[in-house]
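Written below as structure tokens is the structure these notes are about.
The values are calculated or read from the model by the stated rules, or taken from the named source; none is laboratory data. Note that the coordinates shown come from a computational prediction; the quantities given were computed from them, not determined experimentally. Cβ placement follows ideal geometry from the backbone for every residue including glycine, while neighbour counts extend to all protein chains displayed. Accessible surface is based on the protein model in full, side chains and every heavy atom, while ligands, DNA and RNA are left aside. Shrake-Rupley method; radii C 1.70, N 1.55, O 1.52, S 1.80 Å.
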Amino acid sequence: MILIKKIKKQFGKLKVLNRVDLSFEKGQCIALIGPNACGKTTLIKCILGMVLPDSGEIMFNGVSIQNDDQYRTHIGYMPQIGRYPDNMTVGQIIETMKSIRKYKGDFDERLLEDFKLNEMFDKRMRTLSGGTTQKVSACLAFLFNPDVLILDEPTAGLDPLASEVLKAKIILEKEKGKLILITSHLLSELDDLVTQIVFMHEGKVHFHLAVNDLLQQTGELKISAAIAHVLRAKEKNQTGTLRNS
Amino acid sequence: MNRIVKFIVLDIFRNKIILSYTILMSALSWGVFSLEDNSTKGVLTLLNLILLNVPLVSIVFSSIYLYNSSEFIELLLSQPIRRKKIWLSLFVGLQTSLILAFLLGAGIPILVYAPINYSFILILIGVVITAVFVSIAFFSSIYTRDKTKGIGIAILLWLFFALLFDGLLLFLLFQFSEYPIEVPMMFVSALSPIDLSRIMILLQLDVSAMMGYTGAVFRQFFGTRIGIYITFAVLMLWIFIPFYFSLRKFKKKDL
């Protein structure tokens, strides 16, 4: 569904993405992990067309996204730090997005209800706390029933209750056969969500494995333990032992 | 009307600055016309006030608005909307609201007091000069990422066009006064939209004594009618060229 070919991006002298090749298919739930500043967010922004890569190509459903914008009708994006116009109210943001999208189907307003955002429609965005802003971002991402969900640190800043609500929603969407791309630092949260792991480091993809393969090859039971295992192995220069099957 | 444009116009009109701008322009215009008993003199006084105020408000307000909508732009970019459309909507939105504010503030008293053949051109000048400086604001703010720096540059640009440029022109005149510099001077004056508008209205008013050096050369060279057309055409270039370059940059910008 999404095919990334030899993407390169440089900010000044810093190589943020260095020949990244990846492919994601329908029904997968992919966790994009790696240390800070490894290029996760830049990769996501490349897929969204917000950052334009220096070279390489990104295909969405077999069509290059360069000079295209309609492919974004199929994507719901939840940014890491949602930034919204200060003077708009929650209701206005949602109404504006609805009117701009020209979306014909049913709106998915489950999260609006679950997060009780309906009660805050008159509040201005600048008065909201970080967590509530994240809730608005989450609602906007799911609102148009997109085939692809790109969630950048979705649970960061959410309280445990809200974070559970969001996770339940993600699992529900995954079961509908949607492609879900998540970046996260909290490895323990990913266990019951993801089917694939992409590990990035300094702008390169270190491995892209199905969770089962990863667990099998490392002999661990939890993703977090498996990743730790891989990192330790890497320190001993034994990365070659991991194979994609 | 495009939904994004509508949203931007509504957002701007909720802004108190734009309201005070309308009131200021209105107060200035009513004030000038009720103090001056000669309406031609009134038109000239008001012209100078417009040429000082309108560019300042247009360029600074637009720059600040653009910097403040960076979040909104980001939000729109993740939606299926072309970059060109986002930038164009911002442009049209800012133009519409600032021009509307000018028309509401200064347009009405001008129509009431000024002789009909002057009032039309004076309003036209106000509208065009607003458009030019909004366009320049788009150009300067896309090339500077930092907000403080960007607003500083906007103010400097205004200072340059409103005050320094005339001084520069005068300096050139004195330095090269022994050469036949009338025609080159004319081209130099095309580098300042404010000078151009002044020449345009003075050509229309036909007040030779106040026309100044470049204005006189303009009339001598082109005659009144063609002179006005040419100044108008160059002013149009001043609207389109800066915006065109800002659009080109925006299409390639990483956000």
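Restricting attention to the alpha-carbon atoms of chain A, what are Rg (one decimal) and Dmax (integer), both in Å?
When restricted to the Cα atoms of chain A, Rg and Dmax are 18.4, 56 Å.
Scan chain B and report its longest stretch carrying no trypsin sites (Lys or Arg not before Pro) that are both in a DSSP loop and have at most 11 other Cβ atoms within 10 Å.
Values: sites that count: B:R14, B:R145, B:K252.
Value returned for the longest uninterrupted segment is B:15-144.
Starting from the Cα of B:Y244, step 7 Å along the direction of its Cβ; do the same at B:V112; then give the gap between the two resulting points in nm.
In this crude spin-label approximation the distance works out to 4.2 nm.
Restricting to Cα atoms and excluding each atom paired with itself, what does the Kirkwood estimate give for chain B in Å?
Numbers: mean 1/r = 0.0521 Å⁻¹.
Here the Kirkwood hydrodynamic radius works out to 19.2 Å.
Between 0 and 90 degrees, rounded to the nearest ten: what's the tilt of helix A:130-143 against the longest Cα principal axis of chain A?
90
Say each of A:D54 and B:I17 gets a label point 7 Å from the Cα, pointing the same way as Cα to Cβ; how far apart are those two points in nm?
Taking the two extended label points, one gets 3.7 nm.
When only Cα pairs under 8 Å and 6 or more residues apart are kept, what is the percent relative contact order across chain A?
Working: 410 pairs, mean separation 64.3, N = 245.
Once divided by the residue count of chain A, the mean separation gives 26 percent.
Can you give the angle from 0 to 90° between the axis of helix B:224-251 and the longest principal axis of chain B, with both taken from C-alpha atoms, to the nearest 10?
Approximately 20 degrees, to the nearest ten.
Accessible area of chain B with a 1.4 Å probe: how many percent of it is carbon plus sulfur? Mind showing how you got there, number by number?
Numbers: 8230 of 11880 Å².
Result for chain B: 69 percent of the exposed heavy-atom area is carbon or sulfur.
For helix B:165-175, report the angle its Cα long axis makes with the longest principal axis of the Cα atoms of chain B; keep it between 0 and 90° and round to the nearest 10°.
That works out to roughly 40 degrees.
Which value, in debye to the nearest 20, describes the size of the charge dipole of chain B about its Cα centre when Lys and Arg Cβ atoms bear +1, Asp and Glu Cβ atoms bear -1, and nothing else is charged?
Details: 20 positive and 12 negative charges, 264 e Å.
Dipole size: approximately 1260 debye.
What is the Cα centroid distance between region B:142-183 and region A:118-163, reported in whole angstrom?
Cα centroid of region B:142-183 versus Cα centroid of region A:118-163: 48 Å apart.
For the pair B:R82/B:K149, report the inter-label distance in nm, with labels modelled 7 Å from Cα in the Cβ direction.
Output for this residue pair reads 3.1 nm.
Can you work out the FRET efficiency for the pair A:D21 and A:A210, with r the C-beta to C-beta distance and R0 = 22 Å, to the nearest 0.05? Don't skip to the answer; put the middle values down first.
On the way: r = 17 Å, r/R0 = 0.77.
Once rounded, the FRET efficiency stands at 0.85.
Report the trypsin sites (Lys or Arg not before Pro) located in region A:54-114 that are in a DSSP loop and have at most 15 other Cβ atoms inside 10 Å of their Cβ, or state none.
Working: sites: A:R72, A:R83, A:K98, A:R101, A:K102, A:K104, A:R110; in loops: A:R83, A:K102, A:K104.
The qualifying sites are A:R83, A:K102, A:K104.
Given a 10 angstrom Cα cut-off, can you work out which residue in B:E36, B:E178, B:E74 is the most mobile in a GNM of chain B?
So, out of B:E36, B:E178, B:E74, the one fluctuating most is B:E178.
When the solvent-accessible surface of protein heavy atoms is calculated with a 1.4 angstrom probe, in what order do B:Y118, B:Y143 fall, highest first? If you can, show how the numbers build up before the last one.
Details: B:Y118 35, B:Y143 115 Å².
From most exposed to least exposed: B:Y143, B:Y118.
Restricting things to Cα coordinates, could you compute the convex hull volume per residue of region B:1-147 in Å³? It would help to have the intermediate numbers written out before the result.
Values: hull volume 15.5 nm³, N = 147.
In region B:1-147, the Cα hull volume divided by residue count equals 106 Å³.
Can you work out the FRET efficiency for the pair A:Y103 and B:L156, with r the C-beta to C-beta distance and R0 = 51 Å, to the nearest 0.05? Write down the numbers at each step before the final one.
Working: r = 44 Å, r/R0 = 0.87.
About 0.70, to the nearest 0.05.
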